[in-house]
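The values are calculated or read from the model by the stated rules, or taken from the named source; none is laboratory data. Because the structure is a prediction, the values reported are computed rather than measured. Quick reminder, even Gly has a Cβ in these numbers, built from the backbone with ideal geometry, and neighbours come from all protein chains shown.
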Amino acid sequence: MDIKFGLLLFVVAGLLMLSSCKEDPELPDNLVEFESATLGFGEDESELTITIKLTREASAATQLTVQVVPSGVTYGVDFTTEPAATAGSFIIPVAEGLTSVSFTLIKEPGVLFDGDEQIVFTVAPTDASLVVGSKAQLTVTFAELIALSGEMEINGGGVLYPNKVFIDLSANRQTAVQRTAWDFGFSSDSEFRVILNSSNGMMVRRLDKTDLNTVTAADSVGFGAQLSLAAVFAAINTTPVPGWVAEAITWIDDPAGDLTKTAIAAVSATLTENNVYIVNRGTGPGSPAPQLGWKKIRVIRNGNGYTLQHAEINATSFSEIHVTKNPAYAFQYVSLNTGLVSVEPVVGRWDIAWTGFTNSTNFGSGPVPYYFQDVILQNMTGVAAVQVLTSTKSYESFAESDLAGLDFTNQHQLKIGTNWRTGGGPSGPPSIRNDRFYVIRDASSNYYKLRFTSLTTGGERGKPRFEFALLKKGD
């Protein structure tokens, strides 16, 4: 062997050994902080869930200490917390892998507040694995607050988008709910309509039977190759496209939110008109995404409410869940695993929601179901939105005087939808559109301007950011 070549190999090998022994680059600090610096606790609320977030998953099990400093109220007399506080503080455990934890602020029954009472919460980690962020202190006021402006990182849970997040601009508040926590929503209005959990890609097909116990696997032969988003996508990429694909759009709810176009027909007062449906519950967060399973269901009326009958497809008996309408909420929610569950806030306490969503698209053979990430839905009970292009008016200069030129008619839940971001593809990865922003009128006639500032946080999708500012306060 050539001596010089041998020496070169020795040097290279040494460098490789040094490189392999070198420690991995240090990660940035894992910051812990509240989602916002101020919150209002309305007089019609009895409990308030407060979230503390981490910038990434906890590397090991740890704890947080939360200090409680009340002003004008007394712990144990006017309010309590869960976990309970001792000597002015309480501990919250943080399990390995978590990116957020929460605690509950609870009003004592029968206590009246003037509106100027406050509690200051301060969070601190108990070891060096976490570092205090910029919003380590939260002030809760026992009154309704109208936020003048704010910035928010949506707690979508990361790239697997495990959460659906409801956002209330005037309260500067977000409520994250696991998207697998529910299957069906039952309308509380005068109509009897049932919606699917579009965040999981649910789909249903109607059978020509009305007795759940007579339905067997024979009634759903071939459904496995058709009744899923993956099956539809595979079919539209075949030549020729199978004829059943044109029907697939009827297996999901109308993406625009028209309740007269739900996949499950209106629940009739006539029992024999309420058919059985085969349900694919879709998929949950994961890589690969776990299948949530198949069921057979039937919905009938129960006075001014509903009864959901459900079972495994081959079962010869079924279970029932009774649902009572509650006009304080647009929908009452049900999980086939756990029964009645709490999902969205009361009607007037959310404006928009961020989620993964079963939308429709057209690949050339007509509309088909297609799943989109980073979709913004709007509350269809009193909320309206308008898109404004910066070529017309900049976000910074848009003011109350410009509201008169906006058209708030023709609203639907996809008014913002995916228009705020690009879809990615050959031109590059998805990103926000900087040429537009939105004006949102909430249910209390507060007008806000809102623009998205990032599709990701720290490069991680599922944590978009936006900023907003009050244009006009409601009456």
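Scan region 170-212 for residues that are among the charged types (D, E, K, R), assigned to a strand (DSSP E or B) and more than 30 Å from A225 (Cβ to Cβ) and report the count.
Residues of region 170-212 among the charged types (D, E, K, R): 173, 179, 183, 189, 191, 193, 205-206, 208-209, 211.
After this cut, where a residue has to be assigned to a strand (DSSP E or B) as well, the list is 173, 205-206.
From what's left, more than 30 Å from A225 (Cβ to Cβ): 173.
Matching residues across region 170-212 total 1.
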Exercise. May I ask you to verify whether V276 is touching an Asp or Glu at 6+ places or on another chain (Cβ under 9 Å), farther than 27 Å from Q178 by Cβ and surrounded by 15 or more Cβ atoms within 10 Å (Cβ to Cβ)?
Key: yes
By my count, strands (runs of 3 or more DSSP E) wholly in region 96-160 with at least 1 residues that are farther than 28 Å from Q373 by Cα and of a type in the set (S, T, Y) are 100-107, 118-125, 137-141
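On the basis of being more than 20 Å from S317 (Cβ to Cβ), buried (at least 19 other Cβ atoms within 10 Å of the Cβ) and not assigned by TED's automatic domain parsing to the domain that holds V375, does T239 make the cut?
Values: more than 20 Å from S317 (Cβ to Cβ): yes; buried (at least 19 other Cβ atoms within 10 Å of the Cβ): no; not assigned by TED's automatic domain parsing to the domain that holds V375: yes.
Considered against the rule, which asks whether it is more than 20 Å from S317 (Cβ to Cβ), buried (at least 19 other Cβ atoms within 10 Å of the Cβ) and not assigned by TED's automatic domain parsing to the domain that holds V375, T239 comes out as no.
Per-residue answers, yes or no, for (1) at pLDDT below 95; (2) within 19 Å of D351 (Cα to Cα); (3) under 19 Å from the mean Cα position of the chain (by Cα); (4) assigned to a strand (DSSP E or B):
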{"residue": "P369", "(1), (2), (3), (4)": "no, no, no, yes"}
{"residue": "I376", "(1), (2), (3), (4)": "no, yes, yes, yes"}
{"residue": "G382", "(1), (2), (3), (4)": "yes, yes, no, no"}
{"residue": "S394", "(1), (2), (3), (4)": "no, no, no, no"}
{"residue": "F398", "(1), (2), (3), (4)": "no, no, no, no"}
{"residue": "A404", "(1), (2), (3), (4)": "no, no, no, no"}
{"residue": "F408", "(1), (2), (3), (4)": "no, yes, no, no"}
{"residue": "H412", "(1), (2), (3), (4)": "no, yes, yes, no"}
{"residue": "P426", "(1), (2), (3), (4)": "yes, no, no, no"}
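Would you call P290 loosely packed, with under 15 Cβ neighbours inside 10 Å, closer than 24 Å to N359 by Cα and within 23 Å of the chain's Cα centre (by Cα)? Write out each step before concluding.
Working: loosely packed, with under 15 Cβ neighbours inside 10 Å: yes; closer than 24 Å to N359 by Cα: yes; within 23 Å of the chain's Cα centre (by Cα): yes.
When the stated conditions are applied, P290 passes them.
Confirm whether V299 is buried (at least 22 other Cβ atoms within 10 Å of the Cβ), β-branched (V, I, T) and farther than 30 Å from V159 by Cα. Even if it seems obvious, please write down each step before you answer.
Details: buried (at least 22 other Cβ atoms within 10 Å of the Cβ): yes; β-branched (V, I, T): yes; farther than 30 Å from V159 by Cα: yes.
Taking the combined requirement at face value, the residue satisfies it.
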When every residue in region 116-146 that is charged (D, E, K, R), over 24 Å from the mean Cα position of the chain (by Cα) and surrounded by fewer than 17 Cβ atoms within 10 Å (Cβ to Cβ) is compared, the one nearest to Q178 (Cα to Cα) is D127
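Which is under 30 Å from P464 (Cβ atoms) and surrounded by fewer than 16 Cβ atoms within 10 Å (Cβ to Cβ), of S170, S187, S199, S149? Explain how you work it out, then say what you get.
Working: S170 fails: surrounded by fewer than 16 Cβ atoms within 10 Å (Cβ to Cβ); S187 fails: surrounded by fewer than 16 Cβ atoms within 10 Å (Cβ to Cβ); S199 fails: surrounded by fewer than 16 Cβ atoms within 10 Å (Cβ to Cβ).
Every option except S149 fails the conditions.
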